[in-house]
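Below is one structure, written out as structure tokens, with a few remarks after it.
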Amino acid sequence: MLSEFSEIQGQLKVLCEERSILLDTLRQLEAANIEAESSGIHDGDYQLSKHEYSGIGRGKYSEGSTTESSGDIEKQELEDVSDEDETSFHDTKEHFTEPAVICGSVRGAADHADNQKENENQLDDVERMHGDKEDCYSRYAQIERRKKLPDPVEKEKGVSLWSMIKDNVGKDLTRVCLPVYFNEPISSLQKCFEDLEYSYLLDRAYKYGKEGNSLQRILNVAAFAVSGYASSEGRHCKPFNPLLGETYEADFPDKGVRFFSEKVSHHPTLIACHCEGNGWKFWGDSNLRTKFWGRSIQLDPVGVLTLEFDDGEIFQWSKVTTTIYNIILGKLYCDHHGLMHIHGNREYSCKLKFKEQSILDRTPHQVHGSVEDLSGKKVATLTGKWDDSMYYISGDFSGKLKDCNPSNASLLWKRDKPPSNLTRYNLTSFAITLNELTPGLQIKEKLPPTDSRLRPDQRHLENGEYDRANAEKQRLERRQRMSRKLQENGWKPRWFHQDSENGSFRYTGGYWEAREQGKWDGCPNIFGEFNEELVDSSE
């Protein structure tokens, strides 16, 4: 251990020297910016480079601070040793000596010229990724969508958190009547569509598959599977629990996708969804088992997600466990952890490990994995963070970053920047658009009476009308208590059917045709006043 610590101190000294070099480089960049402005170079181009370069520096040097005590290092060592996939002391060496591929870090002790060249390569990856994204969307019509939520009408009132906690420890949150202050202004049906925010990755995977590049196809599918978690960072509010039969449609011609979801079962709570894109279809159903343990909330998803390309290649996977910590004291945060196995029906499959965050973990949200062929040989390594970006390196690196050369890492996906108009909900720019009733698309005239955007309590919350939202939420939850009786009396979902008694739900078709004709026969006004005949008619 003394030998290890001595080596670490030497490496910290090297990091400090490199930090000094980086600061000098940044000063040179600032000077270059002044010269560039005077010579007429576009300011936006330089700002991107400066932002990415400074982010690269922060990503590495913030972890190697010289103010850390040997006691802190020892605690980190003991934690890393406890990981079943790691060996003694190797993580500590990696942490201080190896460049962070995730952040596009510069190499450890390389000279200044090599560092600049490597950073340029990383910036090229970002630009190439954004270029591919623009190519995927350029053939679709561009639609102007809102940039922020409406300004609140009322001032939000406080709520006694402790009184809620002590009465509901150990209960299923789906059966707890929580005040509207715990909700965000979207439903679980709409939240399902958030998984499709980076659907251009599937467009790109389809394109690679047509060109015969199966490896790039599954790499982009894996990046898509991880990208669905990015929007959960900083999101501490609970989405609205849909009513039985509630639906949501998302027609996004600017993304080349159209999505539909429905709550198909109340007990157990099941949500089914179906999405069509350019050359692919995506569907699944989710049964979310929720437990409230006083200081934390654990969400265990049960269900399989399926992605099918037009050429017949299919990938299936299940989501990992999500836990929300510090419900009583401390700063709320969520973490995703577990093993995700993406099964393919052809040449490749993928395994991704979402590393569980620990108290002393200074690099949270890590995801590492590999792509394997039919013989079990690893042909590519994936690494990144579920809230930031994903990279891949060709070949078998056994999941160890220390054997990877950063200059060989290629960017697969990077999270979009957060909106400038942040609210306490921390919705992404994409999520802000999900509950919008766009006049230009005449959505309200075409929507069925079961669509989430017509739900009154959710709409009142979005508008900041908290008293009205609470009153409507209590009214609809009283009505929701009759859903189990409806289901027991033989109620069936309108747009999905179950393959078998315990099978998955599949879209039956007909929704978009009914939408075109404006015929919503068999779609009750579930948000209106409750009618006992609705229950009796299903018997």
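The values are calculated or read from the model by the stated rules, or taken from the named source; none is laboratory data. Values in this document were obtained by computation on a predicted structure and should not be read as measured data. Cβ coordinates were reconstructed from backbone atoms using ideal geometry, including for glycine residues, and neighbour counts include every protein chain displayed. Quick note on the areas: whole protein, heavy atoms, side chains included, nothing else; ligands and nucleic acids left out. Shrake-Rupley method; radii C 1.70, N 1.55, O 1.52, S 1.80 Å.
Can you spot a residue in the range 186-196 that is modelled with pLDDT of 80 or more and either under 20 Å from residue 310 (Cβ atoms) or loosely packed, with under 14 Cβ neighbours inside 10 Å (or both)?
To start, the set of residues in the range 186-196 that are modelled with pLDDT of 80 or more comprises 186-196.
Checking the rest, the ones that are also either under 20 Å from residue 310 (Cβ atoms) or loosely packed, with under 14 Cβ neighbours inside 10 Å (or both) come to 196.
Checking the range 186-196: at least one residue is modelled with pLDDT of 80 or more and either under 20 Å from residue 310 (Cβ atoms) or loosely packed, with under 14 Cβ neighbours inside 10 Å (or both).
Scan the range 258-270 for residues that are of a type in the set (A, V, I, L, M) and open to solvent by 20 Å² or more (accessible area, probe 1.4 Å) and jot them down. Full working, then the answer.
Residues of the range 258-270 of a type in the set (A, V, I, L, M): 264, 270.
Once the filter is applied, which keeps residues that are of a type in the set (A, V, I, L, M) and open to solvent by 20 Å² or more (accessible area, probe 1.4 Å), the range 258-270 yields only 270.
So which residues in the range 491-511 are of a type outside the set (Gly, Ala, Ser), closer than 22 Å to residue 308 by Cα and open to solvent by less than 30 Å² (accessible area, probe 1.4 Å), if there are any at all?
Start the filter on the range 491-511 by keeping residues that are of a type outside the set (Gly, Ala, Ser), which leaves 491-499, 501-502, 505-508, 511.
Adding the requirement that they be closer than 22 Å to residue 308 by Cα leaves 495-499, 502, 505-508, 511.
Answer for the range 491-511, where residues must be of a type outside the set (Gly, Ala, Ser), closer than 22 Å to residue 308 by Cα and open to solvent by less than 30 Å² (accessible area, probe 1.4 Å): 495, 496, 505, 511.
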- Note on the structure: Within the range 290-311, the count of residues that are modelled with pLDDT under 95 and either under 17 Å from residue 232 (Cβ atoms) or open to solvent by less than 60 Å² (accessible area, probe 1.4 Å) (or both) comes to 11
- Message: Being under 30 Å from residue 331 (Cα atoms) and out of contact with any Leu (no Cβ under 7 Å at 6 or more places or on another chain): is that true of residue 260 here?
- Response: no
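Would you point out which residue out of 352, 332, 360 is touching a residue at least 24 places away in the same chain (Cβ under 8 Å) and buried (at least 21 other Cβ atoms within 10 Å of the Cβ)? I'd like the intermediate steps shown before the answer.
Numbers: 332 fails: buried (at least 21 other Cβ atoms within 10 Å of the Cβ); 360 fails: buried (at least 21 other Cβ atoms within 10 Å of the Cβ).
Sole residue among the options that is touching a residue at least 24 places away in the same chain (Cβ under 8 Å) and buried (at least 21 other Cβ atoms within 10 Å of the Cβ): 352.
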- Is it true that some residue in the range 443-452 is modelled with pLDDT of 90 or more, open to solvent by less than 50 Å² (accessible area, probe 1.4 Å), within 26 Å of the chain's Cα centre (by Cα) and of a type outside the set (S, T, N, Q)? yes
- Within the range 512-539, residues at pLDDT 85 or above, open to solvent by less than 60 Å² (accessible area, probe 1.4 Å) and not in a loop (DSSP other than H, G, I, E, B) come out as 512, 514, 515
- Note on the structure: Filter the range 472-484 for residues that are open to solvent by less than 60 Å² (accessible area, probe 1.4 Å) and part of a helix (DSSP H, G or I); the one that is farthest from residue 185 (Cα to Cα) is 483
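Return yes or no: is residue 468 open to solvent by 40 Å² or more (accessible area, probe 1.4 Å), among the basic types (Lys, Arg), modelled with pLDDT of 90 or more and part of a strand (DSSP E or B)?
Details: open to solvent by 40 Å² or more (accessible area, probe 1.4 Å): yes; among the basic types (Lys, Arg): yes; modelled with pLDDT of 90 or more: yes; part of a strand (DSSP E or B): no.
No, not satisfied.
Of all residues in the range 278-289, how many are crowded, with 16+ Cβ neighbours inside 10 Å and either assigned to a strand (DSSP E or B) or within 19 Å of the chain's Cα centre (by Cα) (or both)? Outline the logic, then answer.
From the range 278-289, those crowded, with 16+ Cβ neighbours inside 10 Å are 278-286, 288; that's our starting set.
Okay, now just the ones that are also either assigned to a strand (DSSP E or B) or within 19 Å of the chain's Cα centre (by Cα) (or both), so 280-286, 288.
So the answer is 8.
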- Within the range 420-437, work out how many residues are open to solvent by 20 Å² or more (accessible area, probe 1.4 Å) and assigned to a loop (DSSP other than H, G, I, E, B). 8
- If you scan the range 202-221, which residues turn out to be in a helix (DSSP H, G or I) and either crowded, with 24+ Cβ neighbours inside 10 Å or of a type in the set (Asp, Glu) (or both)? 202, 203, 204, 205, 217, 218, 219, 220, 221
